[in-house]
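Encoded as structure tokens, the structure appears first; notes follow it.
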Amino acid sequence: MSELPIPRAWLRWLLGTLLLCGWLAAASAQTLVFQQAQVAPAGNGVVDWTQARTLSLPDDWSATRPHFSGTVGYRLNFDAEVPGNAGSTLYALYIERACSTLEVVVNGQLVYRGGRMSEPVSRNCQQPQLVPVPAGLLVAKGNAVDLLVRGFALDEVGSAQRAGGLSRVELGAHEALARRHQMRMALAIRLPEIVSGTLILMGSFMFMMGWRNRKQSYLAYFGAVMMGWALVLSRLWLTDLPWPHRTSELMLAVLMSLITMAAVQFLVRYAGRRLRWLDLGLPVQCGLVAASLVATPPDWLHGLSSAWSALLSMEIAAAAVFYMLDSHRRRQQQLWLMGPLLAVVGLALATEFLALQTQADARIGFVAQLVASLVFLSLGLRMVQRYGQALESAEQGRAELEVRIREATAQIERNFAQLSELKVEQVTDRERKRIAADLHDDLGAKLLTIVHTSNDERISTLAREALEEMRLSVRGLTGKPVRLSDALGDWRAEVVSRLTQSGVEGEWDSPPDEEVTGTLSARAFVQTTRILREAVSNIIKHSGASHCSVRCSIAEGDFQLVIQDNGNGIPLELDGKLDKGHGMASMKGRAKQLQGQCLVESGPGYGTVIRLTLPLDRHVTAT
């Protein structure tokens, strides 16, 4: 029984398809289809019917009047008895295609105007027309419907689908034809509108991602492709533009060159390559396309536009082949997905190109455009997903490194405490060196790899900071004492540099080198460095200070370090809870480990003072 749902689903789909086809056939059978018309030229909007001749519909101007641009009149003669409209007071004319726009006159009465008949002419080539015809305008015998079609010669358009012409005309009940018109509008206009809006939104998002992260610039180029393709689709419903027909054709042709530039750059950059000659040549080509089209005579537009379209298509195909070969050579994992998608896009674009350059059914071009759009959306979603996964993986790696560093640090401190209690200096020294070597060879190498290979600047910065922290831990593990004067010099260089880079004026005051004698234990140097770093980080991140002073002094057997800023101070709501924020607890804990103390004095608007006091007799030895 588990295998029954699949056949039933197929049966339901087949039954629905048959019902739809039957309904369309029945609707067509209830209409009067005009397959011939009296055709005559119209000068200044007036048709000379004395020169009329009979032509079959559909009438393709590129075949019947290849170099004609202007208005042509079509006359349809019929009697009032129309199939499927018994008792109805409203008829309708259904016109699948009237390019570029039309007016309808029934028995001498203007009943419909599809748009502007003079420049700038409305562009309704892709939109079906539904013309209501009141029954009161019709007579029993000898009705005449005149259709004035304003169109352009094939030579003056970039695509044969936008050349002048008229499809077959159907007359029938308004209700029946309205349903067909709505369905056709939904497929030919509304669906591309929705797809275009989605392409614009996703393309803008990807463009911003690629713009902010220049190492993944291919995202920006693919976003540009999606937005450009959305503009190409917009020609289906943007009918009344404020500029002449020739300007619209030139803009469409130039837009295709820009899309080609973005597509080629996307494929090359996505393959991990950057070719300087492409960076220069593609913009120059876009300029040449625009200049040549502007300079060409109007009746040469179609030929030149077709030549450019063929060349641009070959460039995209060459870029796709380059990407496939390069990815195959480097055995990239995304090849299994990109290969079929590129093949589908290539087939769809080739189909659309042939449909635009020939008199193929316009619906073939619609389907090809929608297929390409859906592939763009799928590929865009996939790249956004991969970007999110890479970012999540990098964040997870950073978190794991932090955990390992904390664990290693905790292990080091535990080992140090145990070895100190046992007073086995040689064992302690060997253990420290072993752990330091492990950290340097293992974590150090991995952190250094992340610093130099990560595409995310934030992760690189975090890895660099973790590397510095690990080096400080290794220095402490070696157990080598540091001259107190050298320690003061290192601290001064680091503090002043960090404050200056953050826009905070730094002031350092310490005794002269000749007054500072003795060596500082490695452990005291490491812990004091961390306390000082945490204090400076709090000033940079939270205080809003413009000035910070650090004073070092040796008095009464203690080493004192006073850090003072002129920032905002610690808010009142944190009063009494300083150990719970801004790393205060860690600073006090480290000072306590050194048998010293760390005091914090602060008030809102009066800045913050941190006083660190360490006993010299425990951590400084005479030289």
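The values are calculated or read from the model by the stated rules, or taken from the named source; none is laboratory data. These numbers come from a predicted model, not from an experiment. Every residue, glycine as well, gets a Cβ built from its backbone with ideal geometry; the counts of neighbours run over all protein chains shown. With ligands, DNA and RNA removed, areas are computed over all heavy atoms of the protein, side chains included. Shrake-Rupley method; radii C 1.70, N 1.55, O 1.52, S 1.80 Å.
Taking strands (runs of 3 or more DSSP E) as the structural unit, those lying wholly within region 15-126 and holding at least 3 residues that are at pLDDT 90 or above correspond to 36-43, 53-56, 70-78, 90-95, 101-106, 109-113. On the basis of being open to solvent by 40 Å² or more (accessible area, probe 1.4 Å) and closer than 25 Å to MET206 by Cβ, does ARG274 make the cut? Considered against the rule, which asks whether it is open to solvent by 40 Å² or more (accessible area, probe 1.4 Å) and closer than 25 Å to MET206 by Cβ, ARG274 comes out as yes.
Inside region 547-572, residues that are part of a loop (DSSP other than H, G, I, E, B) and within 21 Å of SER497 (Cα to Cα) make up a count of 2.
Scan SER234, SER204, SER196, SER257 and give me the residue that is hydroxyl-bearing (Ser, Thr, Tyr), within 30 Å of ASN124 (Cβ to Cβ) and open to solvent by 30 Å² or more (accessible area, probe 1.4 Å). Among SER234, SER204, SER196, SER257, only SER204 is hydroxyl-bearing (Ser, Thr, Tyr), within 30 Å of ASN124 (Cβ to Cβ) and open to solvent by 30 Å² or more (accessible area, probe 1.4 Å). Evaluated against (1) within 40 Å of the chain's Cα centre (by Cα); (2) open to solvent by 10 Å² or more (accessible area, probe 1.4 Å), ALA160 falls short on exactly one condition, (2).
Just the residues that are surrounded by fewer than 14 Cβ atoms within 10 Å (Cβ to Cβ) and small (Gly, Ala, Ser), please, taken from region 495-552. Across region 495-552, the qualifying residues are SER497, GLY503, SER546. Restricting attention to region 134-155, the residues that are closer than 24 Å to ILE189 by Cα and not in a loop (DSSP other than H, G, I, E, B) add up to 6. Is it the case that ALA220 is buried (at least 20 other Cβ atoms within 10 Å of the Cβ) and either without any contact (Cβ under 8 Å) to a residue 24 or more places away in the chain or not in a helix (DSSP H, G or I) (or both)? Yes; evaluated as a whole, the condition is true for this residue.
Could you tell me whether any residue of region 579-602 is of a type in the set (Val, Ile, Thr) and modelled with pLDDT under 80? Taking every residue of region 579-602 in turn, none turns out to be of a type in the set (Val, Ile, Thr) and modelled with pLDDT under 80. Filtered by the rule that a residue be crowded, with 20+ Cβ neighbours inside 10 Å and in contact with a Gly (Cβ under 7 Å, 6 or more places away or on another chain), region 300-330 gives LEU301, HIS302, SER305.
Looking at LEU282, LEU267, LEU258, just one residue is under 24 Å from the mean Cα position of the chain (by Cα), farther than 30 Å from LEU191 by Cβ and part of a helix (DSSP H, G or I), and that residue is LEU282. Taking the stated definitions as given, is PRO132 at pLDDT 90 or above and surrounded by fewer than 20 Cβ atoms within 10 Å (Cβ to Cβ)? When the stated conditions are applied, PRO132 passes them. Residues that are of a type in the set (Lys, Arg), in a helix (DSSP H, G or I) and out of contact with any Ser or Thr (no Cβ under 8 Å at 6 or more places or on another chain) within region 161-195 comprise ARG179, ARG180, ARG184, ARG190, listed in sequence order. Selection of first residues in region 385-397 that are within 15 Å of LEU219 (Cα to Cα) and open to solvent by less than 90 Å² (accessible area, probe 1.4 Å) and of second residues that are of a type outside the set (S, T, N, Q) and modelled with pLDDT of 80 or more, restricted to Cβ pairs under 9 Å at least 6 apart or on distinct chains, gives the following pairs, ordered by first then second residue: TYR387/MET206; TYR387/MET209; TYR387/LEU219.
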